[in-house]
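Read through the structure below, which is laid out as structure tokens, and then see the notes.
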Amino acid sequence: MDDLTNDQKFLLTSMYKHFLELQPGLSPEEANIFIDSNYVQKNFAPQFSKEYVSDLCWKLEAKEYISCSRGDNLAKNIVLEDKTIIYMENSFKRNVKSIASLLKNVIGIVK
């Protein structure tokens with residue numbers, strides 16, 4: 001993830017945290033579905049504009065960290081790619097506390 005901006009890392013990490021939080025009740029496939037970039041912006045990055053989050057998603061898709069489709073100026077049907085999940089699993093050992101700590105640090109950088 002050395003090829004990502006802090007904003008891109010923040011978005012991916014926030015989405016991964018949500019993915020983990022949903023897993024006790026949903027399968028990994030079901031937990032790994034994010035409707036569109038407006039949903040992502042509202043739930044994970046309200047400090048960013050909707051347009052900026054769409055742009056972040058398209059950049060993450062170009063770097064193969066997520067899959068998504070384009071439509072109505074939105075990133076739609078967003079899914080974390082396996083390489084993203086594997087990286088996060090190895091980095092955080094599925095520990096939501098360590099993810100929250102990273103998010104806090106990144107938020108400090110973003111502000």
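The values are calculated or read from the model by the stated rules, or taken from the named source; none is laboratory data. In this text the structure is predicted, and so the values were computed from the model without any measurement. Every residue, glycine as well, gets a Cβ built from its backbone with ideal geometry; the counts of neighbours run over all protein chains shown.
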Completion exercise
When restricted to Ser54, Ser49, the only residue hydroxyl-bearing (Ser, Thr, Tyr), out of contact with any Asp or Glu (no Cβ under 7 Å at 6 or more places or on another chain) and surrounded by fewer than 21 Cβ atoms within 10 Å (Cβ to Cβ) is Ser49
Practice task
Given the conditions (1) at pLDDT 95 or above; (2) surrounded by 12 or more Cβ atoms within 10 Å (Cβ to Cβ), report the number of the one that Lys17 does not fulfil.
Solution key: (1)
Practice task
Mind checking which helices (runs of 4 or more DSSP H) fall wholly inside the range 13-94 and carry at least 1 residues that are in contact with a helix residue (DSSP H, G or I) (Cβ under 9 Å, 6 or more places away or on another chain) and of a type in the set (Ser, Thr, Tyr)?
Solution key: 37-44, 50-62, 82-92
